[in-house]
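Heads up: the structure comes next, in structure tokens.
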Amino acid sequence: MEHQEKEHVLAVAARYLRRRWRGPVRTGGLVLLSAGVAGVAVDRLLRPEKIEAAGHPAPVSTTGVVESQIAKGIGAPFDARVLDVPVRKGAPVKRGDVLFRLDAAPLRSELAQAKSDAQLAAAALRDAKARRSAEERAARKEVLALRAEVKRDRQQYEAWRHSVAQAISILENQGTGADDGMSGGGLAGSRSAYGLGNSYDTSRQQELQARLALAEEQLSQIRSSWEPIVQEAERQSAAMHRQVKTLEGLLGMAVRRSPIDGVVTSVSVRAGEWANRDQPLVRVDDPAGYRLITLVDQDVRDQAKAAGEMSFNAHGQPAQASLEKVVAGEGKELFYYYLWLKPENPNRLHPGQKLPVIVPVPAPRLASVAE
């Protein structure tokens with residue numbers, strides 16, 4: 001009798017492990033449990049088997065927390081005193097509805113000063129560019145004049161040199177006659193003139209090239225000296241322009257409006273109070289993004305997946321929610337699972353609300369003809 005009871009216990013344990021771990025478990029010839037923990041372990045293994053054997057599965061009760069997937073926290077874009085808060089917690093709002101107003105008088109004064117500074121910076125930039133252009137224009141004019149003079153002098157010399165060469169050629173052709181002495185003297189004179197021409201061309205060109213190089217160097221120095229001045233003026237002007245745009249943008253947000261259709265779920269400021277920059281003042285949630293989240297073990301997860309629909313109680317009223325997804329836990333929550341439930345009517349809920357959730361017993365499936 002005792003042997004039969006032991007075999008029954010091992011068979012029950014094997015069936016449970018097959019269902020739990022989805023794999024074959026062999027019991028014949030193996031010691032599954034040590035003597036010190038056999039009683040406790042077998043008892044834990046037998047409990048679900050006893051429930052299944054009894055044929056009376058029951059609904060499971062757990063606790064869910066409402067989480068919002070679509071929420072907007074609206075804060076103050078600048079330090080200011082709150083003038084008005086026309087909404088209250090729980091009030092429905094439409095996109096564009098006023099949530100609160102800020103005192104923008106100090107910001108308007110700051111904006112006026114920034115515009116004045118921007119105008120001065122723009123005037124300084126224009127003046128720097130005008131002065132640079134005037135000096136560059138004068139230096140460039142001198143460079144261009146010297147380049148033209150060098151070119152003109154070169155052309156004149158080439159023309160004179162060509163005429164001298166022609167004269168020498170004529171004299172050389174005539175030097176074979178009776179007037180050789182006279183012709184030779186003329187030839188020597190022409191060659192002498194040609195030599196003077198070479199000497200004149202070299203000195204003249206050197207002088208013009210030196211003047212041109214000096215003028216080009218002065219033009220380059222003017223450009224290099226004005227470049228950082230103009231760049232700094234441009235930087236200051238751009239910075240002032242950005243400051244004006246920033247202040248104008250902030251001034252446009254002195255009246256904060258709801259970015260979405262939803263419900264006001266938090267108001268943390270009253271009229272007359274001081275609000276710091278980026279301090280959340282009003283929160284708006286879209287109830288369509290509400291989800292009821294609860295943590296369960298594997299058995300309840302399987303029961304919920306089989307059921308598909310869960311029930312919960314909100315403000316004393318029964319409500320329904322459908323299973324949207326299952327997320328496995330990690331760390332200390334290993335082997336546990338988060339059920340994400342989508343309420344049919346989320347308008348009565350609010351974020352952070354804790355509600356009792358009932359995971360029902362799934363409807364039994366009809367046996368097939370083969371079975």
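The values are calculated or read from the model by the stated rules, or taken from the named source; none is laboratory data. Only a predicted model underlies this, so the values are computations on that prediction, with no experimental measurement involved. Here the Cβ is made from the backbone with ideal geometry for all residues, glycine too, and neighbour counts use every protein chain on show. In case anyone asks, the SASA skips ligands and DNA or RNA and just uses the protein heavy atoms, side chains included. Shrake-Rupley method; radii C 1.70, N 1.55, O 1.52, S 1.80 Å.
Based on the mean of other Cβ atoms within 10 Å per residue, sort peptides 338-345, 273-280, 213-220, 302-309 so the most packed one is first. Walk me through the numbers before you get to the answer.
Details: 338-345: 18.2, 273-280: 13.0, 213-220: 14.6, 302-309: 16.1.
Going from most to least packed, we get 338-345, 302-309, 213-220, 273-280.
If you roll a 1.4 Å probe over the range 83-159 with all protein chains in place, what percent of the accessible area is carbon or sulfur?
On the way: 2540 of 5000 Å².
Exposed carbon and sulfur together represent 51 percent of the surface.
Set the bar at 18 Å for Cα to Cα. Now go through LYS72/LYS245; LYS72/LYS354; LYS94/LYS325; LYS305/LYS342 and name every pair that lies beyond it.
On the way: LYS72/LYS245 25 Å; LYS72/LYS354 21 Å; LYS94/LYS325 30 Å; LYS305/LYS342 14 Å.
Table pairs above 18 Å Cα-Cα are LYS72/LYS245; LYS72/LYS354; LYS94/LYS325.
Can you list residues from other chains, or at least 5 along the same chain, whose modelled amide H is less than 5 Å from the amide H of VAL60?
VAL359
Once the mean 1/r over all distinct Cα pairs of the range 81-131 is inverted, what Kirkwood radius in angstroms do you read off?
Values: mean 1/r = 0.0684 Å⁻¹.
Final number for the Kirkwood radius of the range 81-131 is 14.6 Å.
Over all directions, average the projected area of the Cα convex hull of the range 250-319 and note it in nm². Present the calculation step by step, with values, prior to reporting the outcome.
Working: hull surface 33.3 nm².
It is 8.3 nm².
Mind ordering 313-323, 76-86 by average Cβ neighbours within 10 Å, highest first? Spell out each step's value before the answer.
Working: 313-323: 13.7, 76-86: 17.1.
So the peptides 313-323, 76-86, ranked by packing, come out 76-86, 313-323.
If packing is taken as the average number of other Cβ atoms within 10 Å across a peptide's residues, how do 324-333, 155-164 rank, most packed first?
Sorting 324-333, 155-164 by mean packing, highest first, produces 155-164, 324-333.
Quick one: which residues, 5+ away or cross-chain, put their amide H under 5 Å from the amide H of ASP79? H built at 1.01 Å from N.
ARG277
Let's test the formula: R0 of 45 Å, r as the Cβ-Cβ distance of ARG95 and GLU227. What FRET efficiency results, to the nearest 0.05?
Efficiency, rounded to the nearest 0.05: 0.35.
Using all C-alpha to C-alpha distances in the range 131-170, build P(r) with 5 Å bins and read off the rounded percent in each one.
Taking all Cα pairs of the range 131-170, the binned fractions are 5, 23, 13, 13, 11, 9, 9, 6, 5, 4, 2, 1 percent.
Which value, in nm² and rounded to one decimal, describes the direction-averaged projected area of the C-alpha convex hull of the range 276-371? Mind showing how you got there, number by number?
Working: hull surface 38.7 nm².
Projected area, direction-averaged: 9.7 nm².
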